[in-house]
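This report concerns only the one structure given below.
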Amino acid sequence: MIAASAGCPPDPPRCGDGTADPGEDSTTCCFDVACPLGACGSLGDDAAPRCLFPWEEMCLAASDPCLGGGPYRCADGAAPPSYDCAGCGCGNADACVDGVCYDAATRAGERDRDTLPDDLELPEYVALIGELRGRDAQPLAAIAALHADEPRADPRRSAFVIGWDVRSPDAAVLQGAWLEALGVHDVAATDERCAPPDALWPAGARVQVVPADAAARVTCASPGMFVDCVLPLAADCVLGAGYLAETAVYLDLDVVLADADHAMLVRVGRAPAAQRDAMLNEALGIWLDAAASVGQQPGLAIDVQGGQRYAAAYGSDDPHVTWILLNARSEVPVRMRSYRVVWGDPPSQQFLIDHDIQTRDCSFQFIGDGDDPPWLPSNVYLTCANAGATLVANVETAGFTLVDVTMTGG
């Protein structure tokens, strides 16, 4: 029997046995050999299985070229639908703005400003940080891995948007780690705004590097942390071209909290003089709590130039947008602490009140160990001026003490 069996020809390939037999590939048996793009399926009970794109079945079953009353218009054959909100509408309460459907909340948040507003409640300047802190932090590679297969399953998802602040050089290291975990290699980056891909993945893959507040519409809901919400945003430009984006928005707490330090101080200055001490203390407490949001957990550690930092990744309300927070290396709100020293000096406080000098009228110069936060300077010079009256104070940050102050004019 052994001799007889040895002379038998090998069993022919059996499609569907879960093994990639010789001669099988994704075109002959996508059950056993994974599709390089799309997913294995069939259009109808009698159709042979093949690699299908996610829109094919929907468009075949649609009675109208416009899918479901929404913005997608089916094309002929296996070509992806185009995005046509002007012709097909948006559905629900959405409106077509510059070729993209936007919900009412995003439209209401549209803004184009020079600085953060000075009329918000103090918690709003760090609200997003607090919201993310309440969720489970994940390592960057782990959350990227959750999305790694999506460009293959839907090759329209061929744009990778990176939102980050140029003041944070460490974000460039994370950018590479995030793209690597997504399986994106050898794709040139561009900072060209509204530059969607021009082909399905992988031929049309494009990495766009844009400011954080220009990346995705989820930033529009945080006016205390993101200066602008100018439509269309980068991920939406891709959408309007008929493609889809995976987006990561990096928030370096060294940078974000330096901005919050300034914005919250300006907001405090709107309070009456009698309430300023209490409001300063409230602002400092809120700021310090936000600064402790990303802990030094070993699983979150990343190597950057000059040392190590910690990056916590979180999902967002949009399943294709990831928030990434870099830990704060300095937990000192230098501007608010320095101003409180000056405000606590009775002659200085009286001068500021007498000449109606508000916190927005103060500029800061950092001297010594660092030119600007996050590195704590040795001294801070405050210059506060209005209508010819000027106060200049030198604050030593070791203990935050007032070294000297001069008051002129008025």
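The values are calculated or read from the model by the stated rules, or taken from the named source; none is laboratory data. On a predicted model such as this, the values are computed, not experimentally measured, just so you know. With ideal geometry, Cβ positions are generated from the backbone for all residues, glycine too; neighbour counts draw on all protein chains shown. These accessible areas exclude ligands, DNA and RNA; they are computed on the full protein's heavy atoms, side chains included. Shrake-Rupley method; radii C 1.70, N 1.55, O 1.52, S 1.80 Å.
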P(r) tail fraction, the stretch 276-339 - alpha-carbon pairs more than 16 Å apart, %
59
Quick calc, the stretch 17-169, dipole around Cα centre from Cβ unit charges on Lys, Arg (+) and Asp, Glu (-), nearest 20 debye, gives 320
Once you keep just the Cα pairs under 8 angstrom separated by 6 or more residues, what percentage relative contact order results for the chain?
12
At a 1.4 Å probe, what is the % contribution of carbon and sulfur to the accessible area of the stretch 113-158?
49
Can you give me the long-range amide H partners of G269? Hydrogens built in the peptide plane at 1.01 Å from N, cutoff under 5 Å, separation of 5 or more residues or another chain.
T359
Out of C362, A205, V321 - ranked by how far each Cα lies towards the positive end of the dipole of the chain, with unit charges on the beta-carbon of charged residues - the top one is C362
About the Cα centre, and with charges only on the beta carbon of Lys, Arg (+1) and Asp, Glu (-1), how big is the dipole of the stretch 188-297? Nearest 20 debye, please.
240
Farthest toward the dipole's positive end in the chain, which of V268, P71, A301, given Cβ charges of +1 (Lys, Arg) and -1 (Asp, Glu) about the Cα centre?
V268
For the chain, what does -39500 (n - 2.57) per DSSP helix run (n ≥ 4), summed and divided by total residues, give at 222 nm, in deg cm²/dmol to the nearest 500?
-7500 deg cm²/dmol
Once normalised by the length of the stretch 257-410, the mean sequence separation of its alpha carbon contacts under 8 Å that are 6 or more apart gives a contact order in percent of 18
Figure the gain on full extension for A86 and F31 (residue separation times 0.36 nm, minus the Cα-Cα span) and round it to one decimal in nm.
15.8 nm
Packing rank of 214-223, 181-190, 133-142, 12-21, where each peptide gets the mean count of other beta carbons within 10 Å, highest leading:
214-223, 133-142, 181-190, 12-21
Hydropathy first: keep DSSP H helices in the chain averaging at least -1.0 on Kyte-Doolittle, then drop any whose Cα extent along the axis falls short of 18 Å, and list what survives.
253-268, 276-291
Work out the charge dipole of the stretch 132-271 with +1 on the Cβ of Lys and Arg and -1 on the Cβ of Asp and Glu about the Cα centre, then indicate which of V249, V227, H147 is farthest towards its positive end.
V227
Students often check this: by mean Cβ neighbours within 10 Å, which of 109-119, 333-343 ranks highest, and how do the rest follow?
333-343, 109-119
Per residue, how much accessible area does the chain show when a 1.4 Å probe rolls over the protein heavy atoms, in square angstrom?
47
Size of the dipole of the chain about the Cα centre, Lys and Arg at +1 and Asp and Glu at -1 on the beta carbon, nothing else charged, in debye to 20?
640
So if I average 1/r over every pair of distinct C-alpha atoms in the chain and take the inverse, what Kirkwood radius in Å does that give?
24.8
